[in-house]
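The values are calculated or read from the model by the stated rules, or taken from the named source; none is laboratory data. A quick note: this is a predicted structure, and the numbers were derived from the prediction, not measured. Glycine also receives a Cβ, built like all others from the backbone with ideal geometry; neighbour counts cover every protein chain displayed.
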Amino acid sequence: VTSDAQGATGSAGRKSQATAQVLTNVPPVIVDELEQFLVSGADQWTFDAFRLDQLSSGHALSTLAFYLLQSTGLMKQHSIRGVKVARFLRAIEAGYQANAYHNAIHAADVLQTMHVVIQRSGMLPRYADPLTHLACLLAAAVHDLEHVGLTNDFLNNSDHDLAIRYNDRSPMENHHLAACFSLLQQPHLNFLSHFAKDVKDKLRKFSTVHSLMAKPTEHAAASKQHQELVLRISQDDQASRHSTRTSTPQLRKTPSLTTIDAISIAQSSLYTSSALPASRRGHASLQLQRKITSLADFYPGRPGVAKASPIAESLEEGVTAQASIGSAASGPAPQLAGQATGTAGGDGAGQGPLPGPCEPLDEAERLLSLQVALKCADIGMIAEGQEVNMRWVQCLEQEFFAQGDKEKAAGLTVSPLMDRDKPGVSKSQVAFYDFVGTPMFQNFTRVFPGMQPMMDQLQANYR
């Protein structure tokens with residue numbers, strides 16, 4: 001960074017200034033190409049973080065984060081010094097280890113997806129005021145900080161230092177946030193030092209809630225809270241909450257419980273968890289499907305709430321079935337009722353204007369929706385362009401196989417999908433889309449229709 005951030009007139013001016021300040025010691029031709037890449041691609045629904053890493057000489061995360069803070073106007077709104085935030089961004093980038101998947105490039109990909117979801121789905125401005133917007137980008141940037149490329153189960157079973165430090169309680173998730181705020185304790189990195197204490201406390205609380213969402217012990221509680229919210233809403237002038245968005249501000253539809261069910265699965269180390277015995281998989285799937293079906297009773301006339309693919313999971317028992325069905329057992333990705341069609345993964349052109357801003361029902365629902373947005377961003381690689389998507393799948397498979405090798409060497413049971421002598425993640429994509437990706441994105445898109453291009457790309461990848 002060559003200087004502190006200065007004000008710029010208009011979005012285009014901020015974007016140009018952000019790119020000009022973001023790198024030093026890079027040949028002019030590369031800077032021009034990088035600027036073009038960011039200006040044309042940072043706001044799009046599909047994004048190639050690998051290409052950004054190449055153009056930025058291995059600094060995809062810090063480059064993108066600085067650019068977004070500047071181009072969105074958040075640096076100016078919060079009077080953030082460019083030099084100090086640049087140091088912080090480089091520090092968190094250095095904190096990401098050279099894992100095959102959970103690395104700084106993945107963090108950049110999640111950050112870009114979170115940015116687009118907030119900007120283009122209808123969440124601004126009522127779901128994310130300037131402070132919340134800043135917190136969302138910070139949470140995305142640090143969500144896997146200092147990840148060691150191993151699952152919590154492995155850390156706990158191997159008596160890893162992190163498991164001991166956090167008493168076997170979601171050691172990775174607890175560590176990501178602790179590492180972030182430890183960096184902010186250093187004066188030369190603390191770009192929030194001028195914030196009032198109550199403002200810093202709000203920002204930290206928001207980030208903490210996101211981190212806790214990853215803890216398996218929080219899944220049942222989150223599901224119960226959301227179910228209570230749905231029950232309350234169903235008793236409170238239900239007809240008005242089903243109205244079509246025709247004015248601003250517009251009342252929004254409420255996410256169904258299937259959104260939280262999908263989060264519960266996705267948070268279990270993305271693809272892996274304790275496998276149910278084969279004899280119980282049908283029972284677990286039926287149990288959850290009954291729960292989803294009963295929820296549809298609260299929404300008479302609302303299409304598609306209970307018709308998603310059955311998910312082999314039992315929230316009450318806290319276990320998840322290992323997805324092992326083949327493509328022959330899976331039908332096409334469910335289509336949203338009344339879903340508009342458009343170019344998969346496009347920028348929304350040709351699909352009509354994006355819906356107006358959505359109005360949160362209350363603070364709890366606002367926070368819940370932002371949590372779901374971050375979870376969608378975390379697994380957003382399933383909705384990237386097909387070539388980029390497959391590259392991410394290969395990276396994840398490499399990381400899983402590396403853990404499987406460690407488990408074999410330590411005499412531990414090899415976790416599902418981590419034995420390189422058996423089919424891995426690349427052979428289980430259909431199941432992941434059926435059980436996790438499609439239900440989560442489908443329900444979020446019902447709440448925020450501006451997400452439709454991302455849903456279209458997910459379905460294209462599925463096919």
TODO: Consider only pairs whose beta carbons are under 8 Å apart and that are at least six residues apart or on different chains; among these, list those whose first residue lies in segment 71-89 and is touching a residue at least 24 places away in the same chain (Cβ under 8 Å) and within 20 Å of Val142 (Cβ to Cβ) and whose second residue is β-branched (Val, Ile, Thr) and assigned to a loop (DSSP other than H, G, I, E, B).
DONE: Leu74/Ile80; Gly82/Val1; Val83/Val1; Ala86/Val1
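If the requirement is being of a type in the set (Asp, Glu) and surrounded by fewer than 20 Cβ atoms within 10 Å (Cβ to Cβ), which of these qualifies: Asp129, Asp109, Asp144?
Working: Asp109 fails: surrounded by fewer than 20 Cβ atoms within 10 Å (Cβ to Cβ); Asp144 fails: surrounded by fewer than 20 Cβ atoms within 10 Å (Cβ to Cβ).
Exactly one of Asp129, Asp109, Asp144 is of a type in the set (Asp, Glu) and surrounded by fewer than 20 Cβ atoms within 10 Å (Cβ to Cβ), namely Asp129.
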TODO: Considering only segment 424-460, state which residues are aromatic (Phe, Trp, Tyr) and over 14 Å from the mean Cα position of the chain (by Cα).
DONE: Phe432, Tyr433, Phe435, Phe448
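Count, please, the residues in segment 417-436 that happen to be without any contact (Cβ under 8 Å) to a residue 60 or more places away in the chain, assigned to a helix (DSSP H, G or I) and surrounded by 17 or more Cβ atoms within 10 Å (Cβ to Cβ). Don't jump to the end; show me each part of the working.
Narrowing segment 417-436 to residues without any contact (Cβ under 8 Å) to a residue 60 or more places away in the chain: 419-424, 426-427, 429.
With the extra rule that they be assigned to a helix (DSSP H, G or I), the set shrinks to 426-427, 429.
Still in the list and also surrounded by 17 or more Cβ atoms within 10 Å (Cβ to Cβ): 429.
Number of matching residues: 1.
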- [ ] Output yes when any residue across segment 187-202 is at pLDDT below 90, under 20 Å from Ala377 (Cβ atoms) and surrounded by 13 or more Cβ atoms within 10 Å (Cβ to Cβ), and no when none is.
- [x] no
